[in-house]
Amino acid sequence: MIKAGIIGATGYAGGELVRLLLGHKEVEIVWYGSKSYVNQRYADVYRNMFQIVDEKCLDDNMEELAQQADVIFTATPQGYCASLINEAILSKTKVVDLSADFRIKDVSVYEKWYGIEHKSPQYIEEAVYGLCEINREDVKRARLVANPGCYTTCSILTAYPLVKQGLIDTDTLIIDAKSGTSGAGRGAKVPNLFCEVNENIKAYGVATHRHTPEIEEQLGYAAGKEIVLNFTPHLVPMNRGILVTAYAKLKKDAQGRLPSCEEIKAVYDRYYGSERFVRVLDQGVCPETKWVEGSNYTDIGFVIDERTERIIMMGALDNLVKGAAGQAVQNMNLMFGLEESEGLAVAPMFP
């Protein structure tokens with residue numbers, strides 16, 4: 001059995017990690033870490049775990065945890081994992097970090113967008129960006145994985161094949177995204193109160209959202225050049241889910257012809273046809289968050305607007321599963337040579 005420890009087990013992503021790992025036949029959770037609830041029963045924090053989890057919450061002593069665990073998940077705020085990680089820890093255990101600390105390769109970009117000093121930049125180059133469908137082989141060899149963000153996972157997977165194949169003009173790429181309130185975390189914040197969120201939708205982080213450089217960097221690797229784009233997130237009154245709608249000009253071929261729907265669909269199928277957790281929808285079907293809720297799936301669709309010569313690319317996922325905990329488990333499975341879908345082979349729940 002793989003012994004797993006979770007630091008930040010009482011946040012939304014941490015709670016989802018617990019739920020998924022309890023159903024994983026190869027994993028035993030040995031550490032429910034939570035600075036806010038030390039010595040309190042985990043099931044008193046999350047009552048859905050009553051008579052399922054009997055353990056108490058422990059502290060965030062990563063050094064001690066490394067002695068006990070084969071893998072550590074850090075579902076913590078930005079800067080926390082980077083402040084604790086060191087060679088002694090990485091020599092004993094593998095780490096999957098759900099924060100942004102090791103996602104961006106340029107430390108100056110990280111420090112600019114997150115407004116904090118990076119405490120362990122020496123591990124940035126080694127860390128593997130854990131988007132399994134793109135970096136699978138690198139993840140298998142990693143001891144430190146940077147689990148991608150929720151908006152970024154959906155945005156990158158939605159646009160990646162067309163960017164990689166050079167079918168769109170990346171200078172025209174605009175990404176509009178909507179997220180449920182769980183994406184903001186479990187901390188008490190006035191903007192996330194029921195009366196503030198209900199019957200409302202709002203844009204936030206306009207032109208400044210921290211996931212922007214992460215999306216630009218990863219799509220830039222696909223394009224083989226620097227990409228600068230507009231990314232605008234919105235908060236919608238639902239618990240879970242992300243819907244991305246991305247717009248870009250299609251490139252014409254040498255005869256001045258736009259690619260057809262069949263050709264675009266063939267490209268998506270080439271990249272994702274054998275992927276367990278990316279579902280390319282039939283033509284004319286648009287992704288919806290309700291059809292991926294509670295699952296590790298990403299649904300992708302597209303529409304070509306011949307009038308404007310643009311393509312509208314759409315993606316939907318559950319921000320707490322494929323956008324956080326599910327992807328972290330998928331990464332762990334790869335790191336330990338397990339079946340990639342172990343612990344994740346659950347159908348989306350509805351209603």
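The values are calculated or read from the model by the stated rules, or taken from the named source; none is laboratory data. All values derive from a computational prediction rather than experimental measurement. We place every Cβ from the backbone using ideal geometry, glycine too, and count neighbours over all the protein chains shown.
Could you identify the single residue in Lys290, Lys249, Lys265 that is more than 20 Å from Tyr160 (Cα to Cα) and of a type in the set (Lys, Arg)?
Values: Lys249 fails: more than 20 Å from Tyr160 (Cα to Cα); Lys265 fails: more than 20 Å from Tyr160 (Cα to Cα).
Criteria check complete, one pass: Lys290.
Which residue, of Leu98, Leu90, is within 23 Å of the chain's Cα centre (by Cα) and in contact (Cβ under 8 Å) with a residue 60 or more places away in the chain? First the steps, then the outcome.
Details: Leu90 fails: in contact (Cβ under 8 Å) with a residue 60 or more places away in the chain.
Criteria check complete, one pass: Leu98.
On the basis of being of a type in the set (Ser, Thr, Tyr), in contact with a strand residue (DSSP E or B) (Cβ under 6 Å, 6 or more places away or on another chain) and not assigned by TED's automatic domain parsing to the domain that holds Arg240, does Thr172 make the cut? Don't jump to the end; show me each part of the working.
Working: of a type in the set (Ser, Thr, Tyr): yes; in contact with a strand residue (DSSP E or B) (Cβ under 6 Å, 6 or more places away or on another chain): yes; not assigned by TED's automatic domain parsing to the domain that holds Arg240: no.
It is false that Thr172 is of a type in the set (Ser, Thr, Tyr), in contact with a strand residue (DSSP E or B) (Cβ under 6 Å, 6 or more places away or on another chain) and not assigned by TED's automatic domain parsing to the domain that holds Arg240.
Could you grab the pairs with beta carbons closer than 7 Å, sequence gap of 6+ or different chains, first residue in segment 12-37 and under 17 Å from Met335 (Cβ atoms), second one charged (D, E, K, R) and assigned to a helix (DSSP H, G or I)?
Within 7 Å, no pair qualifies.
Inspect all residues belonging to segment 169-185 and state whether any of them is acidic (Asp, Glu), in contact with a Phe, Trp or Tyr (Cβ under 9 Å, 6 or more places away or on another chain) and crowded, with 19+ Cβ neighbours inside 10 Å. Show your work before the answer.
Step one: of segment 169-185, the residues acidic (Asp, Glu) are 169, 171, 176.
Still in the running and in contact with a Phe, Trp or Tyr (Cβ under 9 Å, 6 or more places away or on another chain): 176.
Cutting the leftovers down to crowded, with 19+ Cβ neighbours inside 10 Å gives us none.
Scanning segment 169-185 turns up no residue that is acidic (Asp, Glu), in contact with a Phe, Trp or Tyr (Cβ under 9 Å, 6 or more places away or on another chain) and crowded, with 19+ Cβ neighbours inside 10 Å.
Tell me the residue from Leu193, Leu173 that is in contact with a helix residue (DSSP H, G or I) (Cβ under 8 Å, 6 or more places away or on another chain) and farther than 18 Å from Thr298 by Cα, please. Steps first, please.
Working: Leu193 fails: in contact with a helix residue (DSSP H, G or I) (Cβ under 8 Å, 6 or more places away or on another chain).
After applying the criteria, what remains is Leu173.
Can we say Gly273 is at positive phi and out of contact with any Lys or Arg (no Cβ under 7 Å at 6 or more places or on another chain)?
Working: at positive phi: no; out of contact with any Lys or Arg (no Cβ under 7 Å at 6 or more places or on another chain): yes.
No, not satisfied.
Given the criterion under 24 Å from Trp291 (Cα atoms), assigned by TED's automatic domain parsing to the domain that holds Gly294 and among the hydroxyl-bearing types (Ser, Thr, Tyr), identify the matching residue among Thr181, Thr212.
Details: Thr212 fails: under 24 Å from Trp291 (Cα atoms).
Thr181 is the lone residue from the list that is under 24 Å from Trp291 (Cα atoms), assigned by TED's automatic domain parsing to the domain that holds Gly294 and among the hydroxyl-bearing types (Ser, Thr, Tyr).
Take Ala328 and tell me if it is in contact with a strand residue (DSSP E or B) (Cβ under 7 Å, 6 or more places away or on another chain) and either among the basic types (Lys, Arg) or outside the structural domain of Lys265 (by TED's automatic domain parsing) (or both). Show your work before the answer.
Numbers: in contact with a strand residue (DSSP E or B) (Cβ under 7 Å, 6 or more places away or on another chain): yes; either among the basic types (Lys, Arg) or outside the structural domain of Lys265 (by TED's automatic domain parsing) (or both): yes.
Criteria met by Ala328.
Of the residues that sit in segment 306-344 and are in contact with a helix residue (DSSP H, G or I) (Cβ under 9 Å, 6 or more places away or on another chain) and part of a strand (DSSP E or B), which one is surrounded by the most Cβ atoms within 10 Å (Cβ to Cβ)?
Step by step, filter segment 306-344, then rank; the result is Leu317.
Mind checking which residues of segment 122-174 are in a loop (DSSP other than H, G, I, E, B) and in contact (Cβ under 8 Å) with a residue 24 or more places away in the chain?
Once the filter is applied, which keeps residues that are in a loop (DSSP other than H, G, I, E, B) and in contact (Cβ under 8 Å) with a residue 24 or more places away in the chain, segment 122-174 yields Ala127, Gly130, Leu131, Ala142, Arg143, Asn147, Pro148, Gly149, Gln165, Gly166, Leu167.
What residue, of Lys112, Lys140, Lys119, Lys105, is under 24 Å from Gly326 (Cβ atoms) and over 14 Å from the mean Cα position of the chain (by Cα)? Give the derivation first.
Numbers: Lys112 fails: under 24 Å from Gly326 (Cβ atoms); Lys119 fails: under 24 Å from Gly326 (Cβ atoms); Lys105 fails: under 24 Å from Gly326 (Cβ atoms).
Of Lys112, Lys140, Lys119, Lys105, the one residue that is under 24 Å from Gly326 (Cβ atoms) and over 14 Å from the mean Cα position of the chain (by Cα) is Lys140.
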